[in-house]
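Encoded as C-alpha cells, the structure appears first; notes follow it.
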Amino acid sequence: MKRFAIGLAGAGLLATSLLGAPAYGEGLAGAPAPFDKGGVKVALVTFISAGDFFQSYQAGAQKQAKALGIDLQIFSGRQDAAAQREQVEQAINLGVQGIIIDHGQPESLKDVAQKALDAGIKVVAFDVDLGNPAIPQVEQSDHELAKTALEQAISDNGKAFNAGYVYVAGFAPLDRRNEVWEETKKANSGIVEKARWGAVNDTTASSTADQTKAAFQANPDISVVFAPYDEFARGVKLATDELGISDKVKIYSADVSTADITEIAAEGSPWVATVATNPAVVGEVSVRAVAKLIAGEDPGHNIVVKPVLITQKDLRANAIKTVEDLDAKLPAFGKSDAATAAWIPAAK
Ligand code: SR1
C-alpha cells in the first residue's frame, strides 16, 4: 500500500515536470526570441562517448534542453577526430541554431567551428580550446581541481613520496591538470614521479589497469597515484586490487559517479579522494550557455563550474552512496549559477 502511494506521488511529479516543460515546437512563455516561439534545434557533438562522466554530462544536457523546449541531437564521436569533424558539418547542414562541441582535437575542429559561426550558428565548447573569441569555453576549473587533489595527497602522505601519474596529453582538461602536477613536483622535490602511463580509448579503465600492473611491477615502491580522470582511477584500483597491493597505495583522482562512490567507499579501497563537479550540471550549463547565445545574450567567455573535494572518509562518515546523496549533502556540487537567466527554467 505504501509502495503504491509512493508510486502515485512519483507519477504525479513526472506528469507535472513533463507538463511544465514546453515540447519542441512550443514556445516558452516570457522567453526572448526564438525561445518564445519554440522550434530551436541544437547539436551536441561529442568526442568521448563512453564512461560515466560523459553519460551523465549528456543526460544533464538533455534535461536542460527539454526544460527550454530545445530539440537536442547528440552525435557520438567515439574518439574519432575525423568523425567528430564530419558531425559538426552534418549539424550545420541540419540547420541547427546552436552547436556544443564536447572535447576533441582543436586542430581538426577549428575551421568547421568557424564555418558554423559563418553560417550564423552559435557555438559553445566544453573542454576543447578552439582559440576563438566568439566561442565560449565551459570548463571545471581544472587548475583548482588538480590543486585540491594534490593538496589532499600532500596532507595525507607528506611532502615526500614516490608517485605514479596517469596522463594522456592533448585533452584540454588533462593538460591543465598536468600544469598543476608539474608545478607541484617543482615546489616539492620530495615528490618523485617514478612512472607515467595512461590511455584514452573505448576501454580506458581496463587499458589503464594493464598499464598500471606493468608500472607497479617495475616500480613496487610507488605509494601514491595521481589519476585525474575517474576512468584512470578505476583502472589503477582494478590493478592494485588484482596485484593485492591496495593497502600500500593511495589514489587521488578527478570526477565522480555513483559507481565511483561505491569503489571509493568500499572496504580497503586505495581510492581515497576525488575532486569533482556533478557532470550533469556541466551538461546543463553548456546548454544554457548556447541558449543564451541563441537569444542574443552573453554567457561570458570562460564559463566555469567549480569542483568540490570528496574524500573516502567523508563518504563513509555521511553514508553517501550515490551522486544524488552528494547533491543533497553538498549544495555546491548539485547546482551552478553559471550561464543562468530569469527566463531559463531549471532542469528537472
Ligand atoms: C580524457 S578527458 C577526461 C576528462 O574530461 C572531463 O573534463 C572529465 O572531468 C574527465 O576527467
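Just so you know, all these numbers are worked out from the coordinates, no wet-lab data involved. Please read all numbers here as calculations on a predicted model, not as lab measurements. Neighbour counts are summed over all protein chains in view; Cβ atoms, including those assigned to glycine, are modelled from backbone coordinates with ideal geometry.
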Quick one: would you say ASN132 is farther than 26 Å from ALA295 by Cα and not hydrophobic (A, V, I, L, M, F, W, C)? no
Verdict on LEU117 being aliphatic (A, V, I, L, M), part of a helix (DSSP H, G or I) and surrounded by 20 or more Cβ atoms within 10 Å (Cβ to Cβ): no
Could you run through the stretch 200-212 and say how many residues are surrounded by 18 or more Cβ atoms within 10 Å (Cβ to Cβ) and closer than 13 Å to VAL236 by Cβ? 7
Among the residues of the stretch 51-97, the number that are among the acidic types (Asp, Glu), more than 16 Å from the ligand (Cβ to nearest atom) and within 19 Å of GLU107 (Cα to Cα) is 2
Residue pairs qualifying under the 6 Å Cβ cut-off, at least six apart or on distinct chains, with the first in the stretch 131-145 being over 11 Å from PRO173 (Cα atoms) and the second being outside any helix (DSSP H, G or I) and away from the ligand (no atom under 16 Å from the Cβ), are ILE135/VAL123; PRO136/PRO299; PRO136/HIS301
Counting only residues in the stretch 155-187 that are away from the ligand (no atom under 16 Å from the Cβ) and surrounded by 19 or more Cβ atoms within 10 Å (Cβ to Cβ), the one farthest from TYR57 (Cα to Cα) is identified as PHE161
So in the stretch 98-110, with the set limited to residues that are more than 16 Å from the ligand (Cβ to nearest atom) and under 24 Å from LYS292 (Cβ atoms), which one is surrounded by the fewest Cβ atoms within 10 Å (Cβ to Cβ)? LYS110
Residue within the stretch 77-87 that is crowded, with 21+ Cβ neighbours inside 10 Å and hydrophobic (A, V, I, L, M, F, W, C) present: no
